[in-house]
């Protein structure tokens, strides 16, 4: 029997819809069942691309790789299995059409009806009520509760309130997908609730989806909610598998009036130090005044406990040099490199990380693999790559600086009067740097901390001298300011040419200065450091969340102050910033 005849018989008696193509993609013959796929009287001689929208080359490639393709015809879904036929080269291709409509619908229904969990936290609930008159407190709490429950009802969800400010919501995946598409409008709805305080009602929302069990969905939701809280609240975070997706984050974090947590953290940290073999303190790479001041403050906390305590610093920039040299000259502080720290570190060592919570940017990430216990004190909004399993965590995004948090801890320590002048000045300098000389992100507690440091011996004139720069740095900064460009919607950008040892300091100072120009809402400054890496500094007045923009570069920070380092060219980084801003504007 000839190959041509056997192919015709095969086509006629094939139970599945199928057709055979020649080497040009034309239909040679087809089985009777092909009318389930195509409603034409005859498809012999027709071009397969015209019939399916799929090119002949794609079928050839799929046949080689033993892959399938999918088309939708006659309100049905067909999976196409291509296979070579014939012994001649080049061979023709047979296409087998399998009706998978019921399977696709079942899969879609399964995906839509998957159980998802949402955990909702009303941010600063105690501060909201305490700042509200007695006659209005009940109605405010009731209005918040009603708004959240109506939101749950719109998603046909089960809403359970398990604390005054916390809810757990069970819903189907299709309704969560709708919220994701709309970017969680509930965040805007609760902000419209009238309050008697100077900040709006905000929510921290954590969502768990694509999970194997209800328990896992709840764990995902709690983890996402905690991340939202650590990033300052007023946002929704969805955890799907190993990925996090962020929505919102438009408002400043609210300063908490109660200092009780500082007392508790101080006591817990003291106990950890007492039970440790030795203590290693470190901040982020190339520490600034805030990281260095906080490290000295923690060193002071550990000193009366008589534990071997060390501060890890590998490199420092020109801005830190004046106070670093003074501290070293005293001979009272053990400052070591990461190489020596690795020789000192033991299983029983306590590692205290200040001014960062990301292991990858600390001065010695390897130590965290050796020591079993660690503590994190930071004021930056929480990122995904958080240090794994810390023993103690104190992250407060409302705080101006880590130095402010450490100052409060010292106020509640048992030996608070022992702080010396240089430590007080380092802490005050740290607060000054991160608040741009008390101009941004300062609350009542910031000034209270500064006042206590002044009382403890900090000289404001000495602190001011710590910020003096050399003439070359001043000129570089001035040129960078002069070369700034101004975009629409109040955006200022600038690039510092060449490589600068103090790129991080210069860029941040220029970004701060650009914000003083009338009409500017946000500024972005890029330049290379001495290693050739691009340093990107971002600042805003609150209308634009620069933290989420810097996270696109694996950086971070706060809503109004953020930064990142990367290997791309400075101009390329600025262009990417423009693209992100343009995308956010259209969304």
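Numbers for the structure displayed
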{"read-out": "Residues within segment 545-564 that are over 18 Å from residue 436 (Cα atoms) and free of Cβ contacts under 8 Å to residues at least 40 places away in the same chain, tallied", "value": "7"}
{"read-out": "Within segment 27-46, tally of residues that are surrounded by fewer than 16 Cβ atoms within 10 Å (Cβ to Cβ) and over 18 Å from residue 78 (Cβ atoms)", "value": "4"}
{"read-out": "Residue in segment 86-104 that is without any contact (Cβ under 8 Å) to a residue 40 or more places away in the chain, assigned to a loop (DSSP other than H, G, I, E, B) and within 49 Å of the chain's Cα centre (by Cα) present", "value": "yes"}
{"read-out": "Unmet criterion (only one of (1) surrounded by fewer than 16 Cβ atoms within 10 Å (Cβ to Cβ); (2) assigned to a strand (DSSP E or B); (3) in the same structural domain as residue 241 (by TED's automatic domain parsing)) for residue 70", "value": "(3)"}
{"read-out": "Residues located in segment 314-331, provided they are in a loop (DSSP other than H, G, I, E, B) and either closer than 19 Å to residue 432 by Cβ or in contact with a strand residue (DSSP E or B) (Cβ under 6 Å, 6 or more places away or on another chain) (or both)", "value": "316, 317, 318, 319, 320"}
{"read-out": "Elements of type strands (runs of 3 or more DSSP E) contained in segment 468-543, each with 2 or more residues being closer than 17 Å to residue 436 by Cα and touching a strand residue (DSSP E or B) at 6+ places or on another chain (Cβ under 6 Å)", "value": "522-528, 534-540"}
{"read-out": "Unmet criterion (only one of (1) crowded, with 20+ Cβ neighbours inside 10 Å; (2) touching a helix residue (DSSP H, G or I) at 6+ places or on another chain (Cβ under 8 Å)) for residue 503", "value": "(2)"}
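Yes/no per residue for (1) touching a helix residue (DSSP H, G or I) at 6+ places or on another chain (Cβ under 6 Å); (2) without any contact (Cβ under 8 Å) to a residue 60 or more places away in the chain; (3) within 26 Å of residue 444 (Cα to Cα); (4) not in a loop (DSSP other than H, G, I, E, B):
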site	(1), (2), (3), (4)
382	yes, no, yes, no
389	no, yes, no, no
393	no, yes, yes, yes
404	yes, yes, yes, yes
410	yes, no, yes, yes
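The values are calculated or read from the model by the stated rules, or taken from the named source; none is laboratory data. These figures come from a predicted structure and were not determined experimentally. Note that each Cβ is placed from the backbone with ideal geometry, even for glycine, and that neighbours are counted across all protein chains shown.
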